[in-house]
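> A single structure is presented below for examination.
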Amino acid sequence: MVKAICIHEFGDTDVLKWEDIEVGDPGPGQLRLRHTVIGFNFLDIAVRRGIYPVLPELPSVLGTEAAGVVEAVGAGVTGFSVGQRVAYAATLPGAYAEQRLIDASQVVALPDSVSDEDAAASMLKGMTVEYLIHRCFPVQSGQTALVHAAAGGVGLFMCQWLAAKGVNVIGTVGSDAKKDTILGLGAKHAVNYKTENFTEVAREVTGGTGVDVVYDSVGKDHYQGSIDALRPRGYMVNFGNSSGPLPPIDSVELNVKGSLFFTKASMRFYQLTRQELDDSAATLFAAIAAGDVKPVIGQRYKLEDAAQAHADVAAGKTTGSTVFTL
């Protein structure tokens, strides 16, 4: 038996239970992993609350991202061996555990240049940024991007990577202290959205033209201001809804405000093949090795203290990535 954070019902942090689970041997196409470091993502809160229906059944184990060591290899699996360091950002949850079974198709080998902790803090967030800035809207040097939740796990990756590409970054954050954080990690302009108007700042910075792209994981609360901050033919890229779901998209509004583009992006549609997963991970690992991006781990919790981590992140008390140690 191994320990895991399980939920038997959806709800507040009190539904997170530290329990014994049985893992068993890997079936065909599977690996059994022993986790060393586990990543936290805001998605975990939505899954716990029942807002994001990805759990096949209850009780279940949360978590989609971790680094670890291969403990056993199932039939038909090639390219992995016992003792090998690996990491993943999986479609199905199950990471909040000392060990787990997982399809080998979702796992990548870790190069020596990337630590377990950096991998656990960067797989989902870093590969999210990879597809957003290279394949969703391939932003170019000299362009201007408005990045919401810029001091969060994804946001800090994005600020660094965009700056390395020569992009002018305007980041929004929820406190003045977080403004200093993102300005030190690539953003050229920082906006406290609680006390400042990010639309006005975006227009001022671009001489009234508007930004080329908005990368938004906030959703409802920032949507209108984001649309108003775009240049003609600008791109509104929404990939999360931390403040709630977006209202229905008004195609006429997108037209009259500049023939704007809108996409609701999800990483699973940018990893449709094993090759896309391998290429995305390789691009991320290369950026880390080159120093273009560095995972910013703002806080560490023991896995059994997952409820406290959920509460702190939901209250906006954290900065950068959060990881669980074992």
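The values are calculated or read from the model by the stated rules, or taken from the named source; none is laboratory data. Source: prediction; values computed, not measured. Cβ atoms come from the backbone with ideal geometry, glycine included; neighbour counts cover every protein chain shown.
> Inside the range 301-323, can you point out the residues that are among the hydrophobic types (A, V, I, L, M, F, W, C), more than 19 Å from residue 98 (Cβ to Cβ) and touching a strand residue (DSSP E or B) at 6+ places or on another chain (Cβ under 7 Å)? So that I can check it myself, show each step before the final result.
Just the residues of the range 301-323 that are among the hydrophobic types (A, V, I, L, M, F, W, C), to begin with: 303, 306-307, 309, 311, 313-315, 323.
So of that shortlist, the ones also more than 19 Å from residue 98 (Cβ to Cβ) come out as 311, 313-315.
Correct list: 313 only.
> Against the definition (closer than 17 Å to residue 101 by Cβ and either in the same structural domain as residue 107 (by TED's automatic domain parsing) or surrounded by fewer than 18 Cβ atoms within 10 Å (Cβ to Cβ) (or both)), how does residue 24 come out, yes or no? Step through it out loud before you land on a result.
Numbers: closer than 17 Å to residue 101 by Cβ: yes; either in the same structural domain as residue 107 (by TED's automatic domain parsing) or surrounded by fewer than 18 Cβ atoms within 10 Å (Cβ to Cβ) (or both): yes.
Yes; evaluated as a whole, the condition is true for this residue.
> Tell me the residue from 206, 128, 181 that is of a type in the set (S, T, N, Q) and under 19 Å from residue 234 (Cα atoms), please. Give the steps one after another, and end with the answer.
On the way: 128 fails: under 19 Å from residue 234 (Cα atoms); 181 fails: under 19 Å from residue 234 (Cα atoms).
Selected residue: 206, the only one of 206, 128, 181 that is of a type in the set (S, T, N, Q) and under 19 Å from residue 234 (Cα atoms).
> Can you tell me how many residues within the range 68-85 are more than 13 Å from residue 30 (Cα to Cα) and surrounded by 21 or more Cβ atoms within 10 Å (Cβ to Cβ)?
Residues of the range 68-85 that are more than 13 Å from residue 30 (Cα to Cα), as a first pass: 68-69, 83-85.
Then drop every residue that is not surrounded by 21 or more Cβ atoms within 10 Å (Cβ to Cβ), which leaves 68.
Total meeting the criteria: 1.
> Return yes when residue 121 is under 22 Å from residue 299 (Cα atoms) and in contact with a Ser or Thr (Cβ under 6 Å, 6 or more places away or on another chain) and no when it is not.
yes
> Considering each of 92, 62, 33 in turn, give the residue that is within 16 Å of the chain's Cα centre (by Cα) and either outside the structural domain of residue 7 (by TED's automatic domain parsing) or crowded, with 19+ Cβ neighbours inside 10 Å (or both). Don't jump to the end; show me each part of the working.
Numbers: 92 fails: either outside the structural domain of residue 7 (by TED's automatic domain parsing) or crowded, with 19+ Cβ neighbours inside 10 Å (or both); 33 fails: within 16 Å of the chain's Cα centre (by Cα).
Exactly one of 92, 62, 33 is within 16 Å of the chain's Cα centre (by Cα) and either outside the structural domain of residue 7 (by TED's automatic domain parsing) or crowded, with 19+ Cβ neighbours inside 10 Å (or both), namely 62.
> Also, I was wondering about something else. List the residue pairs whose Cβ atoms are under 6 Å apart, where the first residue sits in the range 164-177 and is farther than 11 Å from residue 188 by Cβ and of a type in the set (Val, Ile, Thr), the second is surrounded by 23 or more Cβ atoms within 10 Å (Cβ to Cβ) and modelled with pLDDT under 95, and the two are 6 or more positions apart or on different chains.
173/151
> Counting just the residues of the range 292-322 that are assigned to a helix (DSSP H, G or I) and among the charged types (D, E, K, R), which one comes out farthest from residue 153 (Cα to Cα)? Steps first, please.
So the first thing to find is which residues in the range 292-322 are assigned to a helix (DSSP H, G or I), and the list is 303-314.
Those still in the list that are among the charged types (D, E, K, R) too: 304-305, 312.
Working: 304: 21, 305: 19, 312: 14 Å.
Only one residue tops the list, namely 304.
> OK, next. I want to confirm something. Restricting to the range 207-218 and keeping residues that are buried (at least 19 other Cβ atoms within 10 Å of the Cβ) and assigned to a loop (DSSP other than H, G, I, E, B), which single residue is farthest from the chain's Cα centre (by Cα)? Before the answer, list the steps.
Filtering the range 207-218 down to residues buried (at least 19 other Cβ atoms within 10 Å of the Cβ) leaves 210-218.
Next, from what is left, pick out any that are assigned to a loop (DSSP other than H, G, I, E, B): 210, 217-218.
On the way: 210: 26, 217: 9, 218: 12 Å.
Applying the filter and picking the extreme gives 210.
> Output the residue which, of all residues in the range 11-55 that are part of a loop (DSSP other than H, G, I, E, B), of a type in the set (A, V, I, L, M, F, W, C) and in contact (Cβ under 8 Å) with a residue 60 or more places away in the chain, is farthest from residue 323 (Cα to Cα). Lay out the reasoning, then the answer.
Step one: filter the range 11-55 for residues part of a loop (DSSP other than H, G, I, E, B), giving 11-12, 16, 22-29, 40-41, 50-55.
After this cut, where a residue has to be of a type in the set (A, V, I, L, M, F, W, C) as well, the list is 16, 23, 40, 51, 54-55.
Those left that are additionally in contact (Cβ under 8 Å) with a residue 60 or more places away in the chain: 16, 23, 40.
Working: 16: 16, 23: 22, 40: 6 Å.
Looking at the filtered set, the residue picked out is 23.
> What tally of residues in the range 231-275 results from selecting those that are touching an Asp or Glu at 6+ places or on another chain (Cβ under 6 Å) and loosely packed, with under 13 Cβ neighbours inside 10 Å?
0
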